[in-house]
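See structure below.
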Amino acid sequence: MAEQPIGAVDRNLTHLPDLEASTGRVGPTRLRMPIYVDLLPPCNNACPAGENIQEWLRLVKAKDDLGAWRELTRNNPFPAIHGRVCYHPCETACNRIELDGSVSIHSVERYLGDLALENGWQFTPPAHRSGRRVLVIGAGPSGLSAAYHLAMLGHEVEVHDSSDLPGGMMRYGIPEYRLPRDVLDLEIERVRALGVTFVQNHTVNDLLEEQQKGNFDAVFVAIGAHLSKRVDIPTRDAGRIVDAVSFLRGVASGDRPVIGRRVAVYGGGNTAMDAARVARRLGAEESIVVYRRTQDHMPAHADEHAEAVREGVKMNWLRTINFVDEGQVQVEVMEIDENGKAVGTGRFETLEADTVILALGQEADSGFLRQIPGLRFDGDVVQVNPSTLMTDVPGIFAGGDAVPSDRTVTIGVGHGKKAARVIDQWLSSRPIVESPKHDLASFDKLNVWYWGDDDRRHDQPELDVARRQSFDEVVGGLSQEDARTEAWRCLSCGNCIECDGCLGSCPEDAVLKLGEGLRYRYDYTKCTGCGTCYEQCPVHAIEMIPER
């Protein structure tokens, strides 16, 4: 074998065992034995909605798209939405990122979601009804998720919401170029078809009275963070300053406000990026994001920032707005001190801006809950048991933006699912028990020689930047062929793929194949404990344990 050049990377990812140093392989007495195991894939572990990602990817590989969609929607009823707006932490956790890039899980999810809409696939209603009634406050992602899961569990569900149409921030906060409204409407209609009742344009002022009048057995509070945080900025023309939530909500409702040629957006989160990109689509020739820290500190996701820059949005780092005058904005130059805090320098600059959009964060409108004895609050959010999402008042649960957590669509959907299952247990007086998780299937446990490392990730088609002057959707979907190929990139971490590797490698014929989908079992009367099956298993679905 030729010597490797200095600095070369060793691509021999699976090394042969050292027969002289290893013990317990073969001997007169078997000291260890193999067992089949199921480990937790890192994608499943990272999914806030609790999807069994590996399983629905397996079904896509098997060309069973309907089965994959049904498996996916057992946990998340909105794949066409999530395939577009989720920030896919599953992909950050994906083991394949160590080889040639993570599996594009969100794009395959979107493929299934769009396919379901095209074919009119519907949820199968439950065979039995519980006779119990549950009130959901808020028709955003968390409330809609809870309504779906409660309905599938046989409960009667009413959703009370203050807006004209259901969807919450998915409708009134996420721009159409990211989430087309026909997609949102169709996925919500599937929930309505389960018998869920929506009461729109209805603001709840007294929750206990609402619960009593409707004879509801339990309540899930899923109000969104629709209130913009305010900051006092001296100005001679307050009409030139608008908050980002109201701005985005108005545009989503069909308004086309006059914002002028130059717009300054104050903030560094995802809402700021959306506001800046929407301003460009409304005709602003110059859209500038003003943020008091640096790019490394900004809370906006990297993809959101990158897309904003591609569309011509400019970034003005280390600046704070301290005065707004007619067509001008005075900003103070900041610097990061030794403690990582942004501090003023006393130096000032002037920017030209016809409109200033404040995107400094949002708060939940939880004031109506404060009259309920026993509830505890942390600022604008309600304190709950993180394992059950129940408040200190029995029968009142809360999730999504209403509780302490990151505020994303996927986290909200996960809260809705968890709350629905706990509410179901609580209504039937069953003990609330969390199922233990399997051990994590980390990259070092895999024998990735089986998969190779030259199958590159498929990119989704995108609308050319020059054509992004309307609210047409920017990112397209994968073809069936590309979605299937992308699903095949999954390494199936920690779970048997029936590759027959153990069957073929066993020198004692101790592995018995049970048939398609049934995996294998060991004949321990023949097994010597050599570990050959364990050492070759590509997905680490076999463990060696001490002899029992």
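Overview of values
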item: Label-to-label distance, nm, for residues given as ASP472 and TRP121 (7 Å Cα→Cβ offset); result: 2.8
item: Protection-proxy order for peptides 467-475, 165-173, each taking the mean of Cβ atoms within 10 Å per residue, highest first; result: 165-173, 467-475
item: Dimensions in Å of the range 195-274 - Rg and Dmax from alpha carbons; result: 18.3, 54
item: The chain, accessible surface, carbon-and-sulfur percent (1.4 angstrom probe); result: 48
item: Cα centroid of the range 481-505 to Cα centroid of the range 422-477, whole Å; result: 17
item: Principal-axis tilt of helix 105-119 within the chain, Cα atoms, nearest 10 degrees; result: 80
item: Percentage relative contact order, the range 369-418, counting C-alpha pairs under 8 Å, at least six apart; result: 28
item: Value of relative contact order over the range 101-238, rounded to a whole percent, pairs C-alpha under 8 Å and six or more apart; result: 30
item: Added length on full extension, which subtracts the Cα-Cα distance from 0.36 nm per residue, VAL465 to ARG30; result: 150.1 nm
item: Cysteines in the chain that, by Cβ-Cβ distance, have no pairing candidate under 4.7 Å; result: CYS47, CYS86, CYS94, CYS490, CYS493, CYS496, CYS499, CYS506, CYS527, CYS530, CYS537
item: Cβ-Cβ FRET estimate between LYS341 and ASN215, R0 fixed at 41 Å, reported to 0.05; result: 0.20
item: Nearest 10 degrees, 0 to 90: helix 409-427 Cα axis against the chain principal axis; result: 70
item: Rounded tilt (10° steps) of 270-281 against the dominant C-alpha axis of the chain; result: 60
item: Spatially proximal lysines relative to LYS445 (Cα-Cα < 30 Å; intrachain offsets below 8 disregarded); result: LYS61, LYS63, LYS437, LYS513, LYS526
item: Accessible surface of LEU318 - all protein chains present, 1.4 Å probe, nearest 10 Å²; result: 40
item: Reachable aspartates and glutamates from LYS213, criterion Cα separation under 19 angstrom, eight or more residues apart if same chain; result: GLU156, GLU158, ASP161
item: Residue (of VAL539, MET334, VAL474) at the positive-pole extreme of the chain, dipole from beta-carbon charges; result: VAL539
item: The range 46-133, dipole about Cα centre (Lys/Arg Cβ +1, Asp/Glu Cβ -1), debye to the nearest 20; result: 540
item: For the range 494-548: relative contact order, % (alpha-carbon pairs under 8 angstrom, 6 or more apart); result: 39
item: Fraction of beta bridges assigned by DSSP in the chain that are antiparallel (%, nearest 5); result: 45
item: Assigned charges on the beta-carbon of Lys, Arg, Asp, Glu; the chain dipole about Cα centre (debye); result: 1000
item: Per residue, in Å², the accessible surface of the range 49-181 once ligands and nucleic acids are set aside, probe 1.4 Å; result: 31
item: Whether the range 365-446 is rounded, prolate or oblate, judged on the alpha carbon gyration tensor where a/c under 1.5 counts as rounded; result: oblate
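The values are calculated or read from the model by the stated rules, or taken from the named source; none is laboratory data. Just so we're clear, the structure is a prediction, and the values are computed from it rather than from any experiment. Neighbour counts are summed over all protein chains in view; Cβ atoms, including those assigned to glycine, are modelled from backbone coordinates with ideal geometry. Surface accessibility is based on the protein's heavy atoms, side chains included, excluding ligands, DNA and RNA. Shrake-Rupley method; radii C 1.70, N 1.55, O 1.52, S 1.80 Å.
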